[in-house]
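First the structure, in the form of C-alpha cells, and then the observations on it.
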Amino acid sequence: VAANSEGPDSAARWFDEAKKFGMKAGQEAEKIVEDTMQMSAKAYASLLREAVKRGDDTALKLWLEEANAKGITILQEALDYCFFKIADQRQDWAMATFVVEQILKAGYALSADQYGTLVGLAADVDSHAEAELWFDHARKAGLVPSGVQFNRLIAEAASRRDVDCCNRWLARLKDVDCTGGVRLPLCLWAINQVVGRASKQDKTALAEQWLQEAADLKLQPDSRAFELLFQAYIRTGGDIRAAKNRLVQDMGFKLEMLVQEQIVESFVKQGKMKDAELELELVRKSGEELRAHAFRHVIQGYVEHLDITRAEKWFNNMIEDGVAPDTKCFRLIMQGHALAGNVAAVAMWMDNMEIMGMKPDNDHFAHMLKACANAAPRRADVATGVLDQMLKQGIAPSLQSVAHIEKAVGAKNFAALQDKIFMSSERRKQGYAAFKQEQSASTRLAAKEKAPSKTAGWKWSESGQQDSNTEQKRKSTRRLDSPNPVAKVRK
C-alpha cells in the first residue's frame, strides 16, 4: 500500500520497521521496494531529459536535488544524456561541470568521450587551465586521448592566438607517457592554423618550426600558410631568399604559383627589384601557367621607383608569355607616365586598353587628367576633352580627378566648369572644398615632419650615376609614332 500510494520512501520505512521487530522480509516485500525504486529512478530520468531539452536548468537542478534527498540514484544513461546535450550543443561550461559532479557523486566513472568533451569545451571557452586539468584526470584514469582531440586543442589554441599553448599541446602529443605509448598523428589542418597564427604575430621562426613538423610527416601545408609567412617576412624585413631556400631545399616543399607570386611581391615591397626580377624569371622558366598578378607586382615596383622603361619592359614580357594583362596593369603604366606629365603616352596606353576590350574607369581617367596637370605647359584643352568624355560615358569625376582638372585648366577656367563638373550639386561642391582643405593640411604636415635632403629630386641609377627627375621625365616620354608595346594584340 505504501509503495503504491506514497512511493518508495514510505515503503522503505515500513521495510526497516519490520526488521526492528526481528522479522525477516519476504521476497515479495523486497521486490516491491526494488521495483518501486526502479520505477522512481526511471521517472526522474524522464524528467531530467525533458528539462534539458527545454533548456530549463532550474528544473534540472530541482529534480536532481529531490532525487538525491529521497536516496534515489539517477540512471547513468540519463546523466550521460544530460551531459552531452549541455556540453556539445549548448557549450555551457558551468552546467556541464555541474552534471559531471552529479555523475561522480552517483558513483559512476567518466568515459573517454566525456573526458575528451570536457577538455575540448574548456579550450573553447578559453579555460586553458581547466583543459589541462581534465586532460591529467583522464590520464590518471588510464584513458588515452585520441589524435583528433590533440589536434583540436592545438587548432583551438591557434584560433585564440595562443601559440605558446600550441607548443605545450604539441609536446604532450609527442610524449608517449601522455599517449599511452602510441605515436599519435599531427594533422595538417592543425599545422596550417598554427603557422598562420604565428605568421600573423610575426613569429617567423616559430612558424618555420611547425612547417618542419609538417615536412617530417611528409605533409604539404596549404598555400595560404606560406603566403602569411612571407607577409610576415615583409613586415619584419626578413631574408626572403634564405627563407625560400629553407622551405624548398631543406624541407622539400613544392611552392604553388600563388606562393611564388607572394615571394615576388615580398621582394618588391622590400625594394629589392633585382631579386623580384630574378624570382619572376625563375617562374617564367618553370613552365607553369602564369597570371597577370605576378607581372603586376614588378610593374608596380618600377613605377614607384620612377623607372617607367623597366615597367614597360615587363609589360611586354607579359604579352610575349601569352598572359593577358588586366586593367590594373594598364593603370600602373598610365600612372608612371602621368607622374612625368606625358599626355601622349597616357593616351596611347588608354587606346591600347580599349583595343583589348577593356573600358577605362574613373582611375584611368584620373591618370589622364593628372598627366594634363603635370605637363609643361599644362594641357587644359585635353583635360576639358577628357572631362566631356567622362560625363558622356556617365562617369562622375572623383574628388582627386576634380583636383587634377583644377590644376590643369587654372582657377579662372575651373570656376566656369564647376556646374558641369559637380552637376549643379552643392553637396558635391562642399565635398570637394572639404577634400581640398584636408589635402592641404596633409601636405603641410608631411612637409613639417620630413625635412628635404640634399639629394632631394634625384635617384641613383644602376651605373652609380645620379639622374635628376627632369632627366627621368625626359627618358620616360614616348612619341606617338614609337612602337606600340602591345602591337601583337592588334593582329
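The values are calculated or read from the model by the stated rules, or taken from the named source; none is laboratory data. All of these numbers come straight from a predicted model, not from anything done at the bench. A quick note on method: Cβ atoms are made from the backbone with ideal geometry, for glycine too, and the neighbour counts reach across all protein chains shown. Surface accessibility is based on the protein's heavy atoms, side chains included, excluding ligands, DNA and RNA. Shrake-Rupley method; radii C 1.70, N 1.55, O 1.52, S 1.80 Å.
I need the full set of residues from segment 402-432 which are at pLDDT below 75, of a type outside the set (Asp, Glu) and out of contact with any Leu (no Cβ under 6 Å at 6 or more places or on another chain), in order please.
Met423, Ser424, Ser425, Arg427, Arg428, Lys429, Gln430, Gly431, listed by residue number.
Any chance segment 388-408 includes a residue that's over 30 Å from Gln437 (Cβ atoms) and either of a type outside the set (A, V, I, L, M) or surrounded by 18 or more Cβ atoms within 10 Å (Cβ to Cβ) (or both)?
yes
On the basis of being among the hydroxyl-bearing types (Ser, Thr, Tyr) and over 15 Å from Ala41 (Cα atoms), does Thr58 make the cut?
Taking the combined requirement at face value, the residue satisfies it.
For segment 98-114: of the residues being polar (S, T, N, Q) and closer than 15 Å to Phe135 by Cα, which is farthest from the chain's Cα centre (by Cα)?
Out of the qualifying residues, it is Ser111.
For Val195, work out the one condition from (1) open to solvent by 20 Å² or more (accessible area, probe 1.4 Å); (2) modelled with pLDDT of 85 or more it doesn't fulfil.
Against the list (1) open to solvent by 20 Å² or more (accessible area, probe 1.4 Å); (2) modelled with pLDDT of 85 or more, Val195 comes up short only on (1).
Conditions (1) free of Cβ contacts under 8 Å to residues at least 40 places away in the same chain; (2) of a type in the set (Ser, Thr, Tyr); (3) touching a Ser or Thr at 6+ places or on another chain (Cβ under 7 Å), marked per residue:
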position	(1), (2), (3)
Lys53	yes, no, no
Lys61	yes, no, no
Glu65	yes, no, no
Lys70	no, no, no
Asp88	yes, no, yes
Ala94	yes, no, no
Leu133	yes, no, no
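Every residue in segment 348-367 that is assigned to a helix (DSSP H, G or I) and touching a residue at least 24 places away in the same chain (Cβ under 8 Å), please.
Those that are assigned to a helix (DSSP H, G or I) and touching a residue at least 24 places away in the same chain (Cβ under 8 Å): Met348, Asn352, Met353, Ile355, Asn362, Asp363, His364, Phe365, Ala366, His367.
Working only within segment 117-129, note down all residues that are more than 27 Å from the chain's Cα centre (by Cα) and modelled with pLDDT of 80 or more. Before the answer, list the steps.
Within segment 117-129, the first condition is being more than 27 Å from the chain's Cα centre (by Cα), and the residues that meet it are 117-118, 129.
Answer for segment 117-129, where residues must be more than 27 Å from the chain's Cα centre (by Cα) and modelled with pLDDT of 80 or more: Thr117, Leu118.
Considering only residues that are closer than 25 Å to Asp124 by Cβ, among the charged types (D, E, K, R) and open to solvent by 60 Å² or more (accessible area, probe 1.4 Å), which ones fall in segment 51-93?
Lys53, Arg54, Lys61, Asp88, Arg90
Listed residues Glu279, Glu261; which is open to solvent by less than 20 Å² (accessible area, probe 1.4 Å) and touching a His at 6+ places or on another chain (Cβ under 6 Å)?
Glu261
Going through Phe330, Phe295, Phe315 one at a time, which residue ends up being among the aromatic types (Phe, Trp, Tyr), part of a helix (DSSP H, G or I) and in contact (Cβ under 8 Å) with a residue 40 or more places away in the chain?
Phe315
Go through Gln300, Gln260 for me and flag whichever is touching a residue at least 24 places away in the same chain (Cβ under 8 Å), assigned to a helix (DSSP H, G or I) and either closer than 13 Å to Phe230 by Cβ or small (Gly, Ala, Ser) (or both). Walk me through it before giving the result.
Details: Gln300 fails: either closer than 13 Å to Phe230 by Cβ or small (Gly, Ala, Ser) (or both).
Residue meeting the stated conditions: Gln260.
When you scan segment 181-188, do you find a residue that is at pLDDT 75 or above and open to solvent by 10 Å² or more (accessible area, probe 1.4 Å), even just one?
Yes, the conditions are met somewhere in segment 181-188.
I need the full set of residues from segment 303-313 which are under 14 Å from Lys274 (Cα atoms) and buried (at least 24 other Cβ atoms within 10 Å of the Cβ), in order please.
If the condition is that a residue be under 14 Å from Lys274 (Cα atoms) and buried (at least 24 other Cβ atoms within 10 Å of the Cβ), then Ala311 is the only one that fits.
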